[in-house]
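One structure is given here, and the rest of the page talks about it.
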Amino acid sequence: MNKNILAIVPAYNEENSIAGVIGDIKRYLPEADIVVINDASADRTADVVRVIPGVRIIDLPINLGIGSAVQTGFRYALRNNYDMAVQIDGDGQHMASEVKKVLRPVIDGIADMSIGSRYLEKKGFLSSPLRRFGNFIFMIVNSTLIRQRITDNTSGFRAYSKEALRFLNRYYPSDYPEPESVVLLARSGFRIMEVPVIMKERIAGESSITPVKTIYYMIKVMLAILARFSR
């Protein structure tokens, strides 16, 4: 069965990497349509995307954060009747050469959300030591809560079935959504799988998440996860 696939690319100030990301998606997943969610970038991200043929761009009026940007992509996918979607960040860390591995469990109908994990085979760029520690804590907590081992809860390299898109269109955390959405989906009966992928360092620019913000992020998301589990 042929599937209608949408590649959702959230982007914030990625003028130096976004063209390469889109080019790689077109090369490795030519059957997919591409939508870039420009989260009110202050640089030329939107200008770069607009001159690339065959790519849809949605400009958010203000910076809403990764959760709202991705959810905008979910809504676009549903309104345009796509069978599934894959999320690929605009900073170049997610390698489009790995995208079919992430999509395969969803295409085969054995998962509603597939997560590309850099920690299953531990190849390529594994992020900073502090973020690896944070991800280790999320692995312990989430794996305990949902009774399934998830090694890369912070990975945004994900594929979604239409059923998962419908659900996340209604219920998706707006702030640092990746770890919390794992618990949300699993406790709602959706099937989650991980596949090993290789990631690389961002092509250009700097992450907006500083070490201090990383600690804040860990505490805030942990509280949100525990609050959701206790309901």
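The values are calculated or read from the model by the stated rules, or taken from the named source; none is laboratory data. Values in this document were obtained by computation on a predicted structure and should not be read as measured data. In this analysis, Cβ positions are derived from the backbone assuming ideal geometry, glycine residues included, and neighbour counts consider all displayed protein chains.
Here the helices (runs of 4 or more DSSP H) wholly within region 47-151 that include at least 2 residues being in contact with a strand residue (DSSP E or B) (Cβ under 6 Å, 6 or more places away or on another chain) are 66-79, 99-107.
Could you say which residue among 132, 187 is closer than 27 Å to residue 5 by Cα and either surrounded by 14 or more Cβ atoms within 10 Å (Cβ to Cβ) or modelled with pLDDT under 95 (or both)? Step through it out loud before you land on a result.
Numbers: 132 fails: closer than 27 Å to residue 5 by Cα.
Sole residue among the options that is closer than 27 Å to residue 5 by Cα and either surrounded by 14 or more Cβ atoms within 10 Å (Cβ to Cβ) or modelled with pLDDT under 95 (or both): 187.
Could you list, ordered by first residue, the pairs with Cβ atoms under 7 Å in which the first is in region 160-178 and free of Cβ contacts under 8 Å to residues at least 60 places away in the same chain and the second is surrounded by fewer than 17 Cβ atoms within 10 Å (Cβ to Cβ), at least 6 apart or interchain? These pairs meet every condition: 167/188. How about region 97-123: which of its residues are out of contact with any Pro (no Cβ under 7 Å at 6 or more places or on another chain), surrounded by fewer than 22 Cβ atoms within 10 Å (Cβ to Cβ) and not aromatic (Phe, Trp, Tyr)? Correct list: 97, 98, 100, 101, 104, 105, 107, 108, 109, 110, 122, 123. Determine the pairs where a residue that is in contact (Cβ under 8 Å) with a residue 60 or more places away in the chain and within 15 Å of residue 167 (Cβ to Cβ), located within region 74-98, has a partner that is polar (S, T, N, Q) and in a helix (DSSP H, G or I) with Cβ atoms under 7 Å apart, the partner being 6 or more residues away or on another chain. If the second residue must be polar (S, T, N, Q) and in a helix (DSSP H, G or I), the pairs left are 74/169; 75/169; 78/169. Of all residues in region 152-196, those satisfying the criterion of being under 19 Å from residue 119 (Cβ atoms), assigned to a loop (DSSP other than H, G, I, E, B) and among the polar types (S, T, N, Q) are 153, 154, 155. Filtering 118, 158, 132, 166 for residues that are of a type in the set (Lys, Arg) and over 21 Å from residue 10 (Cα atoms) leaves a single hit, 132.
When region 16-48 is limited to residues that are touching a residue at least 24 places away in the same chain (Cβ under 8 Å) and more than 19 Å from the chain's Cα centre (by Cα), the one that is farthest from residue 201 (Cα to Cα) turns out to be 31.
Scanning region 171-204 for residues that are more than 17 Å from residue 147 (Cβ to Cβ) and among the β-branched types (Val, Ile, Thr) returns 195, 197, 198, 203.
Is it the case that region 3-12 has a residue that's in contact (Cβ under 8 Å) with a residue 40 or more places away in the chain, outside any strand (DSSP E or B), within 16 Å of the chain's Cα centre (by Cα) and surrounded by 18 or more Cβ atoms within 10 Å (Cβ to Cβ)? Among the residues of region 3-12, at least one is in contact (Cβ under 8 Å) with a residue 40 or more places away in the chain, outside any strand (DSSP E or B), within 16 Å of the chain's Cα centre (by Cα) and surrounded by 18 or more Cβ atoms within 10 Å (Cβ to Cβ), which makes the answer yes.
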